[in-house]
Amino acid sequence: MKKSKTVTILGATGSVGQSTLDLILRTPDKFAVEALTAHSDVEGLAKAARATSAKFAVIGDPSRFDDLKDALSGTGIEVGAGEDAVIEAALRNADWTMAAIVGCAGLMPVMAALEGGKTLAFANKEALVSAGSLMIDAATRSGATLLPVDSEHNAIFQCLDQSAPKGVHRIVLTASGGPFRTTPLEEMARATPAQAVAHPNWSMGAKISVDSATMMNKGLELIEAHHLFAMPADRLDVVIHPQSVVHSMVEYADGSVLAQLGPADMRVPIAHTLAWPERMDTPCERLDLAAVGRLDFMAPDYLRFPALKLAREVMIAGGPAPAIMNAANEAAVAAFLAGTIAFGDIATVVARVLDRYVPADPISLADVLAIDSEARRVASALMESVVA
Ligand code: NDP
Ligand code: MG
């Protein structure tokens, strides 16, 4: 790997951001940090900026600007605050930019980086689900490189035979089934936030952990794969694989299936994108298949996981539906984590918002943002009327 690759991390204080920093801090001579961003975690951001001697640290919430200035005073690190400063960080001159903001809040900085022709390590699936082909078109126009970080999409990226893309017959995403794969359904409907975020295999942020428990995460990932790999809906499948050892598979026309295996540690796919097109060492535990013993696979249960079925229908419908589904889900998950709605209500809220709100197809980023905000408003009104 070339000495001193310059890197920027959008969402540096989150789960993916911290895993990225862990890798970078282990080989500081290979990386120079250009910019780091967070939303409100001033302490975490300042700590990361000091540890990496970042050039630019940005806090998304403008009311925390003075706190960040104080926390970094005397370091010479440039500081910024607000949405425009996050976009500025995304546009800074870096060889590699990690998109690890959670939710559609990451859409504008991601689009800025793509329009700027950057090499983007891409974790922020909600942005791609909402903006879909607008985002892929922007990347194509500017010549930007999208490196998938999500473990399934990174696995597919590693298994794709770039020399014979037409030979791909089907893509199969694996899913652990989350914490409620075998929980009695009535118990699952009443699950608490603490139970829902306790993923059996992966350590992740709260929002994606809840999405894994409803399997909306796999639904978002179907749509993510649809766009990243230009794969029609009828050639995308999901299989439950509770051990999370096989991270996804590509089936070819001749019947060959290529899979990528590894430990359930996000540092593996992140390292793949960080060193790409080369490879780098990681401190991750090595996969010991004899110790794992067996690998199980089963079809997903749509009765247990209505969000997955909904997401498949939304992928097929296209138009504004993915942006509406994503926004309604973000609102419903936030309400569930705040204790306002029950676990079992999340998928119901998303389905009802999709029924009630039927706008025209988005043709610009402004349209996507308008649909996102209206879908959140409809979801909030619906949840208030349910709770009232
Ligand atoms: P976290 O919740 O752990 O971290 C989110 C990051 O985004 C934090 O740095 C947070 O800052 C920042 N952020 C939150 N809201 C805003 C906002 N409005 N504007 C700017 N920045 C904001 O999330 P994860 O790391 O778990 O996930 C990040 C993304 O990666 C998600 O899209 C997720 O789906 C995807 N992903 C995550 C995986 C994982 O293992 N965690 C695996 C595969 C994909 P602050 O800390 O200050 O709030
Ligand atoms: Mg994933």
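For this structure, a couple of remarks:
- Annotation note: Cβ proximity below 9 Å between a residue of region 33-51 that is among the charged types (D, E, K, R) and a residue that is in a helix (DSSP H, G or I) and open to solvent by less than 10 Å² (accessible area, probe 1.4 Å) (sequence gap 6+ or interchain) occurs for Glu34/Ala89.
- Reported count of residues in region 355-388, each being surrounded by 15 or more Cβ atoms within 10 Å (Cβ to Cβ) and closer than 24 Å to Ala191 by Cα, is 6.
- A residue that is within 12 Å of the chain's Cα centre (by Cα), more than 14 Å from ligand 2 (Cβ to nearest atom) and without any contact (Cβ under 8 Å) to a residue 40 or more places away in the chain cannot be found anywhere in region 139-158.
- Exactly one residue out of His199, His153 is outside any helix (DSSP H, G or I), within 15 Å of ligand 1 (Cβ to nearest atom) and assigned by TED's automatic domain parsing to the domain that holds Ser244, and it is His199.
- Residue in region 243-254 that is within 16 Å of ligand 2 (Cβ to nearest atom), in a strand (DSSP E or B), among the aliphatic types (A, V, I, L, M) and within 18 Å of the chain's Cα centre (by Cα) present: no
- Only one of the numbered conditions (1) of a type outside the set (Lys, Arg); (2) farther than 29 Å from Val7 by Cβ; (3) open to solvent by 30 Å² or more (accessible area, probe 1.4 Å); (4) out of contact with any Cys (no Cβ under 9 Å at 6 or more places or on another chain) is violated by Met249, and that is (4).
- Of all the criteria given as (1) free of Cβ contacts under 8 Å to residues at least 12 places away in the same chain; (2) within 16 Å of ligand 2 (Cβ to nearest atom); (3) small (Gly, Ala, Ser), the one not satisfied by Ser63 is (2).
- Any hit, region 173-181, residues being in a helix (DSSP H, G or I), among the hydrophobic types (A, V, I, L, M, F, W, C), farther than 22 Å from Pro322 by Cα and modelled with pLDDT of 95 or more: no
- Taken over region 179-214, the criterion of being among the aliphatic types (A, V, I, L, M) and over 23 Å from the mean Cα position of the chain (by Cα) is satisfied by Leu185, Met188, Ala189, Ala191.
- Restricted to region 279-326, and to residues there that are outside any loop (DSSP other than H, G, I, E, B) and over 30 Å from His226 (Cα atoms), the residue that is least open to solvent (accessible area, probe 1.4 Å) is Val292.
- For region 30-49, a residue qualifies if it is in a strand (DSSP E or B) and either surrounded by fewer than 24 Cβ atoms within 10 Å (Cβ to Cβ) or within 16 Å of ligand 2 (Cβ to nearest atom) (or both), and the qualifying residues are Phe31, Ala32, Glu34.
- Only one of the numbered conditions (1) away from ligand 1 (no atom under 16 Å from the Cβ); (2) within 18 Å of Val238 (Cα to Cα); (3) of a type in the set (D, E, K, R) is violated by Asp161, and that is (2).
- Met108 vs. criteria surrounded by fewer than 20 Cβ atoms within 10 Å (Cβ to Cβ) and either within 18 Å of Ile371 (Cβ to Cβ) or modelled with pLDDT under 95 (or both): yes
- Test: residue in region 62-72 that is charged (D, E, K, R), within 11 Å of ligand 1 (Cβ to nearest atom) and over 25 Å from Cys284 (Cα atoms): yes
- Among (1) away from ligand 1 (no atom under 13 Å from the Cβ); (2) open to solvent by less than 20 Å² (accessible area, probe 1.4 Å); (3) basic (Lys, Arg), the one test that Lys218 misses: (1)
- Residues that are open to solvent by less than 20 Å² (accessible area, probe 1.4 Å) and touching a strand residue (DSSP E or B) at 6+ places or on another chain (Cβ under 6 Å) are absent from region 179-192 altogether.
- Residue in region 115-125 that is nearest to ligand 2 (Cβ to nearest atom), counting only those that are in contact with a Gly (Cβ under 9 Å, 6 or more places away or on another chain) and either among the hydrophobic types (A, V, I, L, M, F, W, C) or open to solvent by 10 Å² or more (accessible area, probe 1.4 Å) (or both): Ala123
The values are calculated or read from the model by the stated rules, or taken from the named source; none is laboratory data. None of the values given here were measured: they were computed from a predicted structure. Here the Cβ is made from the backbone with ideal geometry for all residues, glycine too, and neighbour counts use every protein chain on show. The area values use the complete protein model at the heavy-atom level, side chains included, leaving out ligands, DNA and RNA. Shrake-Rupley method; radii C 1.70, N 1.55, O 1.52, S 1.80 Å.
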